[in-house]
Amino acid sequence: MPFVSPEDFAKQKVTAVQEYSILSWQAVAALFSRPRYWADIYTQMDSIGVGSMPIIVLTGFFTGCVLALQSATSLKAFGAISMTGNLVALSMVKELGPVLTGLMVSGRNAAGMASEIGSMKVTEQIDAMRALGTDPVRKLVTPRLYATIFMLFFLTIVADAVGIAGGALVSVTLLGLNASSYFHASYRALEYADVVQGLTKPIFSAFIIATVGCYFGMNTKGGTQGVGRSTTQAVVISSVFIIVVDFLVSRAMIGIFGR
């Protein structure tokens, strides 16, 4: 890798942030004007939502199982093992469900978006779309953005549900708790603020996944090696952004709701 002066490095990063912001704005604004590529949006919903369902179900289920198993060990020392349902429900809905779902979808779909659009970029298909009068952002980025936002919201709900169910399975079969009391405790532990916080995070995570994946795909250079490099960068940066934004949203929600 050639040496780059600090000044040039700073200019490159500022330019990248500017290009990313412009791309994101164009993708958001494209849905409010014609033409709208609804068929592409539905196709991406199927690919992102239905395609990600198995890994989300497995991740959420076993996260709930492990959470119940580990928390019961600590709660048992205080004679509060009946609070396992409260802890699993709050942890899954407020934090683990949204974050793990975002990371799993990022690993699967941010990479897919970057590689797919990057391959189109290096084979000059995007230039051909411009020559034919089609806006690549409207055709490629906007459908992926809105499909990711819509589907990640429901994938998070699925992850929360199967996580609580996994915790119930462990609590009933291994810990000897009553299933009815577990679910009742889980239900009573959740309040409006917890649900709002847990369902707000997927919106930000989905925006990051789609825009970062598409940005690196649209800026791919260097042939097939460039496609692989863009794919790796998309997954790493989107995952880091998801964790950082998760902290910021959590802090904002605690400031608003007090919990």
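The values are calculated or read from the model by the stated rules, or taken from the named source; none is laboratory data. On a predicted model such as this, the values are computed, not experimentally measured, just so you know. Glycine also receives a Cβ, built like all others from the backbone with ideal geometry; neighbour counts cover every protein chain displayed. When the accessible area is computed, the model is the full protein with side chains, heavy atoms only, and any ligands, DNA or RNA have been set aside. Shrake-Rupley method; radii C 1.70, N 1.55, O 1.52, S 1.80 Å.
Odds and ends about this structure:
- Of interest is the spacing of the C-alpha centroids, which for region 40-105 and region 200-236 amounts to 25 Å.
- Over region 107-225, the fraction of Cα-Cα pairs per 10 Å bin, rounded to whole percents and listed from the shortest bin up, is 12, 30, 22, 16, 12, 7, 1.
- Here the contact order of region 1-135, divided by its residue count and restricted to Cα pairs under 8 Å and six or more residues apart, works out to 19 percent.
- For the chain, the solvent-accessible area with a 1.4 angstrom probe is 52 square angstrom per residue.
- Gaussian network model of the chain, Cα within-10 Å springs - most flexible of ASP46, ASP194, ASP246: ASP46
- For the chain: relative contact order, % (alpha-carbon pairs under 8 angstrom, 6 or more apart): 32
- Percentage of interatomic Cα-Cα distances in the chain larger than 28 Å: 42
- Neighbours of ASP246 by Cβ distance under 12 Å: Lys/Arg scored +1, Asp/Glu scored -1, total +2.
- Ignoring aspartates and glutamates fewer than eight residues from LYS201 along the same chain, the ones with Cα atoms less than 12 angstrom from its Cα are GLU95, ASP246.
- Under 29 Å from LYS76, Cα to Cα: lysines that are on another chain or at least 8 residues apart: LYS94
- Unit charges on C-beta of K, R, D, E only; dipole of region 159-259, Debye: 280
- Under 21 Å from LYS11, Cα to Cα: lysines that are on another chain or at least 8 residues apart: LYS221
- Dipole moment magnitude, nearest 20 debye, region 72-178 about Cα centre, only Lys, Arg, Asp, Glu C-beta charged: 60
- Computed over region 173-259, the ratio Rg/Rh where both radii use C-alpha atoms and Rh is Kirkwood: 1.23
- Summing charges over all other residues whose Cβ lies under 11 Å from the Cβ of PRO98, with Lys and Arg as +1 and Asp and Glu as -1, gives -1.
- Listed by number, the DSSP H helices of the chain that run 24 Å or longer by alpha-carbon position along their axis and have mean Kyte hydropathy of at least 0.5 are 51-76, 142-173, 192-218, 223-257.
- Distance in nm between pseudo-label sites at GLN18 and PHE257 (7 Å out along the Cβ direction from Cα): 4.0
- In this simple spin-label approximation, PHE154 and LEU248 carry label points 7 Å from Cα along the Cα→Cβ vector, and these lie 2.9 nm apart.
- A simple count of charges around ILE164, restricted to other residues whose Cβ falls under 15 Å of its Cβ and scoring Lys, Arg +1 and Asp, Glu -1, yields -1.
- Gain upon complete extension [SER74, HIS184; 0.36 nm per residue less C-alpha separation]: 37.5 nm
- In the chain, the portion of solvent-accessible area held by carbon and sulfur atoms comes to 68 percent [1.4 Å probe, whole percent, DNA, RNA and ligands not counted].
- Peptides 230-241, 67-78, 124-135, 93-104 ranked from most to least packed give 93-104, 230-241, 67-78, 124-135, packing being the mean of other C-beta atoms within 10 angstrom over each peptide's residues.
- Using only side-chain charges placed at the Cβ, +1 for Lys and Arg and -1 for Asp and Glu, the dipole size of the chain relative to its Cα centre rounds to 120 debye.
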